[in-house]
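K.L.:
Here it is: the structure, laid out below.
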Amino acid sequence: MAKRWTNDLTRSDITPERVFLNRRQLIAGLGAGTILAAAGRANAQEALEPNSFEDITNYCNFYEFGTGKSDPAANAHMLTTDPWSVKIDGLVDTPGEYSVADILSKMTIEERIYRFRCVEAWSMIVPWNGFELADLLQMAGVKPEAKYVAFETALRPDEMPGTRFPVLDWPYVEGLRLDEAMHPLTLMASGLYGKPLPNQNGAPLRLVVPWKYGFKSIKSIVRITLTDSEPPTSWNKANGREYGFYSNVNPEVDHPRWSQATERPLGGGLFSRRRPTLMFNGYDEVASLYEGMDLRANF
Ligand code: MTE
């Protein structure tokens with residue numbers, strides 16, 4: 001079947017792997033020359049103002065491993081990702097525990113080079129490997145009454161030191177409307193750069209919704225529940241004024257504490273030029289999902 005998503009990015013647009021995997025270390029320790037050499041991008045040639053401490057310390061968020069900028073990379077090795085199973089339940093024909101090995105054996109893994117825009121106004125381009133969430137949901141059989149999909153991350157205090165602190169109401173939960181979940185852009189990622197997903201990026205399976213802010217892309221998923229009502233989401237529960245259920249990338253709706261009009265691409269290290277943020281992160285094909293909706297009210 002023809003895919004209905006736009007591959008407007010090529011390999012040359014990808015945030016360099018070394019930068020992506022080591023971005024915290026790069027930001028923390030290396031000099032400008034190294035960062036520029038690693039980036040090798042035209043927009044990295046001109047040195048801009050370094051980003052704020054706030055920006056830098058919020059780079060990689062996997063709060064289950066701590067809120068510090070290097071905590072996920074330092075601690076996520078504690079997570080046992082094999083064996084792993086995902087419970088699919090709620091309004092589906094065949095609820096049950098599905099092992100990741102079984103899921104992966106049934107899915108067609110493809111590469112998707114997507115823009116990724118964090119709510120904190122940094123961005124990158126990532127070559128994910130994964131399959132469409134729609135294929136997984138169809139495998140379980142979505143009942144006609146289902147309207148939303150709820151997702152849940154593993155909660156293992158022994159392996160996830162950050163969950164010993166009440167930073168968020170654990171486990172981390174997220175949700176999508178069913179039509180968003182079924183959209184061909186919506187990916188379940190199992191890898192990046194052709195390699196299994198590193199634990200700090202959400203192994204063994206994480207969601208990737210490229211037209212939404214990064215926090216919707218929930219990591220290390222253990223449960224997917226089809227429901228008929230809007231599910232709670234972690235950041236919305238933590239601060240509903242700042243983080244809405246939809247959280248579509250929208251340069252016209254600012255975060256209460258900062259502008260969302262521009263973003264800082266990570267590939268150029270601290271010195272990359274800010275560039276305009278695109279509506280739906282540039283994925284215009286999803287606009288029809290929100291026709292007739294007030295995107296300020298439904299932020
Ligand atoms: N998923 C879980 N379970 N816990 C988290 O803290 N952080 C989110 C999202 N998924 C988070 C999560 C946020 S805020 C972002 S920006 C992305 O993961 C970061 O993904 P990356 O580290 O792969 O770039």
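K.L.:
Here's a check for you: in the stretch 236-248, which residue that is closer than 19 Å to Pro171 by Cβ and free of Cβ contacts under 8 Å to residues at least 60 places away in the same chain is nearest to the chain's Cα centre (by Cα)?
P.N.:
Going residue by residue through the stretch 236-248, those that are closer than 19 Å to Pro171 by Cβ are 236-240, 243, 245, 247.
Those left that are additionally free of Cβ contacts under 8 Å to residues at least 60 places away in the same chain: 236, 239-240.
Working: Asn236: 16, Asn239: 19, Gly240: 19 Å.
Only one residue fits best here, namely Asn236.
K.L.:
A further question on this structure: Suppose we keep only residues that are surrounded by 20 or more Cβ atoms within 10 Å (Cβ to Cβ) and at pLDDT 95 or above within the stretch 67-91. Which one would you say is farthest from the ligand (Cβ to nearest atom)?
P.N.:
Leu91
K.L.:
Based on this model, can you work out whether Lys237 counts as touching a helix residue (DSSP H, G or I) at 6+ places or on another chain (Cβ under 8 Å) and on the phi < 0 side of the Ramachandran plot?
P.N.:
no
K.L.:
Would you confirm whether any residue within the stretch 255-274 is closer than 17 Å to Ala181 by Cβ and not small (Gly, Ala, Ser)?
P.N.:
No: zero hits.
K.L.:
Which residues, counting only those in the stretch 76-99, are within 19 Å of the chain's Cα centre (by Cα) and not hydrophobic (A, V, I, L, M, F, W, C)? Steps first, please.
P.N.:
Pass one, the stretch 76-99, residues within 19 Å of the chain's Cα centre (by Cα): 76, 79, 81, 86.
Correct list: Thr81 only.
K.L.:
Shifting gears a bit: Residues of the stretch 101-114 being within 16 Å of the ligand (Cβ to nearest atom) and crowded, with 20+ Cβ neighbours inside 10 Å, which ones?
P.N.:
Arg112, Tyr114
K.L.:
Based on what the data block shows, is Tyr246 within 14 Å of the ligand (Cβ to nearest atom) and hydroxyl-bearing (Ser, Thr, Tyr)?
P.N.:
Judged against the criteria, Tyr246 is not a match.
K.L.:
Here's something else I'd like to know. I'm checking my understanding of the structure. Among residues of the stretch 187-243 that are within 19 Å of His77 (Cβ to Cβ) and surrounded by fewer than 21 Cβ atoms within 10 Å (Cβ to Cβ), which one is nearest to the ligand (Cβ to nearest atom)?
P.N.:
Of everything passing the filter in the stretch 187-243, Pro198 is nearest to the ligand (Cβ to nearest atom).
K.L.:
Has the stretch 132-151 got at least one residue that is within 16 Å of the ligand (Cβ to nearest atom), of a type outside the set (Phe, Trp, Tyr), modelled with pLDDT of 95 or more and under 18 Å from Gln200 (Cα atoms)?
P.N.:
no
K.L.:
Does Leu266 fit the bill of being among the hydrophobic types (A, V, I, L, M, F, W, C), touching a Ser or Thr at 6+ places or on another chain (Cβ under 7 Å) and under 30 Å from Leu155 (Cα atoms)?
P.N.:
Numbers: among the hydrophobic types (A, V, I, L, M, F, W, C): yes; touching a Ser or Thr at 6+ places or on another chain (Cβ under 7 Å): yes; under 30 Å from Leu155 (Cα atoms): yes.
Taking the combined requirement at face value, the residue satisfies it.
K.L.:
What do you reckon, is Pro184 under 18 Å from the mean Cα position of the chain (by Cα), over 20 Å from Cys118 (Cβ atoms) and away from the ligand (no atom under 14 Å from the Cβ)?
P.N.:
When the stated conditions are applied, Pro184 passes them.
K.L.:
Related question: Could you give every pair whose Cβ atoms fall below 8 Å, whose first residue belongs to the stretch 249-260 and is closer than 16 Å to Phe215 by Cβ and free of Cβ contacts under 8 Å to residues at least 60 places away in the same chain, and whose second residue is among the aromatic types (Phe, Trp, Tyr) and surrounded by 13 or more Cβ atoms within 10 Å (Cβ to Cβ), counting only separations of at least 6 or pairs across chains?
P.N.:
Asn250/Phe280; Asn250/Phe299; Val253/Phe299
K.L.:
Turning to a different aspect of this structure: Quick check on Arg264: is it over 30 Å from Met139 (Cβ atoms), within 16 Å of the ligand (Cβ to nearest atom) and either free of Cβ contacts under 8 Å to residues at least 40 places away in the same chain or not in a helix (DSSP H, G or I) (or both)? Working first, answer last.
P.N.:
Details: over 30 Å from Met139 (Cβ atoms): yes; within 16 Å of the ligand (Cβ to nearest atom): yes; either free of Cβ contacts under 8 Å to residues at least 40 places away in the same chain or not in a helix (DSSP H, G or I) (or both): yes.
Yes, satisfied.
The values are calculated or read from the model by the stated rules, or taken from the named source; none is laboratory data. Predicted, not measured: the structure shown is a model, and the values here were computed from it. Every residue, glycine as well, gets a Cβ built from its backbone with ideal geometry; the counts of neighbours run over all protein chains shown.
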